[in-house]
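Novice: Just passing along the structure, written as structure tokens.
The values are calculated or read from the model by the stated rules, or taken from the named source; none is laboratory data. Because the structure is a prediction, the values reported are computed rather than measured. So basically every Cβ, Gly included, is an ideal-geometry build from the backbone, and we count neighbours across all protein chains shown. Note: accessible area is taken over every heavy atom of the protein model, side chains too, but ligands, DNA and RNA are not part of it. Shrake-Rupley method; radii C 1.70, N 1.55, O 1.52, S 1.80 Å.
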Amino acid sequence: MRKVFMLVVMCVFLMSGMVLASGHGGSVMSPAKALEKIVTGNDQFVKSHKPHYFEPYQTSQHPFVTMITCSDARVQTNALLPDAIDKVFVIRNIGNQLVVSRGSIDYGILHLHTPILLILGHTHCGAVKAAMGDYKGETEGIRNELDHLHLPLMADTGKGDFELRWLKNVERNVDWQVAQAMSFYPNLVKSGKLVVVGAVYDFLNVYGKGYGRMVIINVNGVTCPQKIQNHPVLNDLSKVMRKVVVGSHH
Ligand SMILES: [Zn+2]
């Protein structure tokens, strides 16, 4: 009897672990372990950076990019810059949307005057995937944010290979956000003080440009790769790099 009871307890324990481990692919790490990791990581940072490292930005920040990207843990600034501190003004939400973080983006563009607004979507975006399906069961907060993805995904016919549709919708969302940004800051874009760059962070290598490549698919609303390659904003890149970094829509 006792053995059976133990078996049942073990099964329930294992199953509860499985439920936690599935869901949205989240971790089953305990809160204490998670905090220990963060504190240890920060301690290493403190020990490896001397006081003079912090001096240049103690009174103000100096970013040269305002970046709006997805909250997805697989997308991080160290894929773009080894040390993004004081360089990137970051806004993140599910699905890299302007409309749900308008004030933060205004701050980067109108107060910090970054010359680039980078809208960075990514392959296998869970927010885009969720917006393609039924998300009635989500919380009100999640539903409210996903609702804004309906317009960008309007062109999706709902037919064909799912992976390809998913990728196309990631691209549509990037294009949509670029168009929104251009409508928010038309004069800055016209004067050339601001360039809006739309890109996809590709950790699947679906563009064939290398795992982890930031693939530019839109500059100020221009989506033709040839035209993007000739845009002045790419002038400081080598010819080879211009080809590598610019990608075609699927
Ligand atoms: Zn995402």
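Novice: From the residues in region 171-191 that are within 18 Å of H124 (Cα to Cα) and without any contact (Cβ under 8 Å) to a residue 40 or more places away in the chain, which one is surrounded by the most Cβ atoms within 10 Å (Cβ to Cβ)?
Specialist: Quick first cut of region 171-191, residues within 18 Å of H124 (Cα to Cα) only: 171-177.
Applying the additional criterion that residues be without any contact (Cβ under 8 Å) to a residue 40 or more places away in the chain yields 172, 176.
On the way: R172: 21, W176: 24.
Going through the qualifying residues, I end up with W176.
Novice: Determine whether region 155-175 contains at least one residue that is in a helix (DSSP H, G or I), farther than 23 Å from V215 by Cα and of a type outside the set (V, I, T).
Specialist: No.
Novice: Any residue in region 133-162 that is of a type in the set (A, V, I, L, M, F, W, C) sitting within a Cβ distance under 8 Å of a residue that is not in a helix (DSSP H, G or I)? List the pairs, counting only those 6 or more apart or interchain.
Specialist: Going by the 8 Å Cβ cut-off, the qualifying pairs are I142/I94; I142/Y135; L146/I94; L146/G95; L146/Y135; L146/E138; L149/G95; L149/Q97.
Novice: Check region 109-118 and report whether any residue there is over 11 Å from the mean Cα position of the chain (by Cα) and under 30 Å from G158 (Cβ atoms). Walk me through it before giving the result.
Specialist: First, pick out the residues of region 109-118 that are over 11 Å from the mean Cα position of the chain (by Cα): 109-117.
Remaining after also requiring under 30 Å from G158 (Cβ atoms): none.
Among the residues of region 109-118, not one is over 11 Å from the mean Cα position of the chain (by Cα) and under 30 Å from G158 (Cβ atoms), which makes the answer no.
Novice: Does at least one position in region 148-167 carry a residue that is under 26 Å from R74 (Cβ atoms), away from the ligand (no atom under 16 Å from the Cβ) and under 17 Å from the mean Cα position of the chain (by Cα)?
Specialist: No, region 148-167 contains no residue that is under 26 Å from R74 (Cβ atoms), away from the ligand (no atom under 16 Å from the Cβ) and under 17 Å from the mean Cα position of the chain (by Cα).
Novice: Would you check which residues across region 206-225 are surrounded by fewer than 20 Cβ atoms within 10 Å (Cβ to Cβ), within 18 Å of K168 (Cβ to Cβ) and of a type in the set (A, V, I, L, M, F, W, C) and list them?
Specialist: V206, C224
Novice: Take the residues in region 94-117 that are within 16 Å of the ligand (Cβ to nearest atom) and open to solvent by less than 10 Å² (accessible area, probe 1.4 Å), then tell me which one is farthest from V196 (Cα to Cα).
Specialist: Here the residue is G95.
Novice: Quick check, is M132 farther than 30 Å from P186 by Cβ and either of a type in the set (D, E, K, R) or within 16 Å of the ligand (Cβ to nearest atom) (or both)?
Specialist: Working: farther than 30 Å from P186 by Cβ: yes; either of a type in the set (D, E, K, R) or within 16 Å of the ligand (Cβ to nearest atom) (or both): yes.
In short, yes.
Novice: Moving on to the next point. Six or more apart or on different chains, Cβ under 9 Å: which pairs go from a residue in region 65-87 that's under 20 Å from V99 (Cβ atoms) to one that's of a type in the set (D, E, K, R) and within 16 Å of the ligand (Cβ to nearest atom)? Could you list them?
Specialist: These pairs meet every condition: M67/R92; I68/R92; T69/R92; C70/R92; S71/R92; D72/R92; V75/R92.
Novice: Sticking with this one: Do any residues in region 234-250 that are aromatic (F, W, Y) have Cβ atoms under 6 Å from those of residues that are open to solvent by 50 Å² or more (accessible area, probe 1.4 Å) and assigned to a loop (DSSP other than H, G, I, E, B), where the two are at least six apart or on different chains, and which pairs are they?
Specialist: none
Novice: From the residues in region 63-87 that are open to solvent by 90 Å² or more (accessible area, probe 1.4 Å) and of a type outside the set (S, T, N, Q), which one is nearest to the ligand (Cβ to nearest atom)? Outline the logic, then answer.
Specialist: Within region 63-87, the first condition is being open to solvent by 90 Å² or more (accessible area, probe 1.4 Å), and the residues that meet it are 64, 74, 78, 82.
Cutting the leftovers down to of a type outside the set (S, T, N, Q) gives us 64, 74, 82.
Numbers: F64: 24, R74: 8, P82: 23 Å.
Top of the filtered list is R74.
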